[in-house]
Amino acid sequence: MSDVLKTIRTEDIESMLKAASESPRLRSHKNLHDSLEDSLQRLLVAVKRGSYFRPHKHEYKFETLLCLRGRMDVLIFEDSSRLKQRITIDPSEAVVVLEIPANTWHTLISLDDEAVFFETKPGPYDAKHPADFAAWAPEENPGSEVVAAFLHKLTNLSSGEMAR
């Protein structure tokens with residue numbers, strides 16, 4: 001474990017947003033944990049509108065999100081793909097922090113041109129099984145018309161409606 005103080009400066013966030021705009025996935029991240037083996041994974045994520053997070057769950061791990069800039073919708077699904085809940089996290093509104101319980105299908109959608117959030121979840125990170133992805137959702141494939149159509153559907157999905 002490092003004894004060096006770690007900081008995220010405004011210029012770091014601006015740099016991450018620039019990197020996100022240049023990335024095919026429209027997002028970038030900065031790890032604060034020293035190793036993928038750390039017992040707590042901590043990272044800052046910069047997102048541009050249109051970034052697709054394939055719906056997924058972490059079987060034994062909770063996930064905590066703290067919105068720092070912009071607005072993000074967090075969608076919670078039943079196993080069937082039925083939208084159970086949509087929660088907006090926004091640093092200037094009622095919900096700033098959200099903890100997603102383990103084994104909960106979820107995705108995130110940026111509502112603004114850019115958003116930044118801080119994420120934590122228990123480690124270690126397992127590259128072979130980073131998350132369980134929903135079979136009813138298309139794989140991440142930047143530029144795919146199928147992904148764009150699915151993301152559009154998710155953006156407009158109401159509680160009780162099916163994502164698939």
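A few comments on the model shown:
- Once segment 15-44 is narrowed to residues that are among the acidic types (Asp, Glu) and over 27 Å from Val147 (Cα atoms), the residue that is surrounded by the fewest Cβ atoms within 10 Å (Cβ to Cβ) is Glu37.
- Subset of segment 29-41 (residues that are of a type outside the set (Ser, Thr, Tyr) and either part of a loop (DSSP other than H, G, I, E, B) or within 12 Å of the chain's Cα centre (by Cα) (or both)): His29, Leu32, His33, Asp34, Leu36, Glu37, Asp38
- Here Glu59 meets the list (1) loosely packed, with under 13 Cβ neighbours inside 10 Å; (2) in contact with a Pro (Cβ under 8 Å, 6 or more places away or on another chain); (3) under 19 Å from Ile100 (Cβ atoms) almost entirely, failing just condition (2).
- Taken over segment 124-164, the residue count meeting the criterion of being exposed (fewer than 15 other Cβ atoms within 10 Å of the Cβ), of a type outside the set (Ser, Thr, Tyr), under 14 Å from Phe77 (Cβ atoms) and more than 16 Å from the chain's Cα centre (by Cα) is 6.
- Search result, residues across segment 56-85 that are hydroxyl-bearing (Ser, Thr, Tyr) and under 22 Å from Glu140 (Cβ atoms): Ser80, Ser81
- Residue pairs meeting the criteria (Cβ under 7 Å; at least 6 apart or on separate chains; first acidic (Asp, Glu), in segment 1-22; second surrounded by 13 or more Cβ atoms within 10 Å (Cβ to Cβ)): Asp12/Lys30
- Candidates Arg49, Arg86 - the one that is touching a residue at least 40 places away in the same chain (Cβ under 8 Å), basic (Lys, Arg), closer than 26 Å to Asp12 by Cα and surrounded by fewer than 17 Cβ atoms within 10 Å (Cβ to Cβ): Arg49
- Among the residues here, Leu98 does not qualify as surrounded by 14 or more Cβ atoms within 10 Å (Cβ to Cβ), touching a residue at least 60 places away in the same chain (Cβ under 8 Å) and of a type in the set (A, V, I, L, M).
- Filter pass, Thr107 being crowded, with 16+ Cβ neighbours inside 10 Å, in contact with a helix residue (DSSP H, G or I) (Cβ under 9 Å, 6 or more places away or on another chain), touching a residue at least 24 places away in the same chain (Cβ under 8 Å) and under 27 Å from Tyr60 (Cα atoms): yes
- Which listed residue, of Leu151, Leu157, is over 26 Å from Lys30 (Cα atoms), in contact (Cβ under 8 Å) with a residue 12 or more places away in the chain and not β-branched (Val, Ile, Thr): Leu157
Just so you know, all these numbers are worked out from the coordinates, no wet-lab data involved. Given the structure is predicted, the values throughout are model-derived calculations rather than measurements. All Cβ positions, glycine included, derive from the backbone under ideal geometry; neighbour counts span all protein chains shown.
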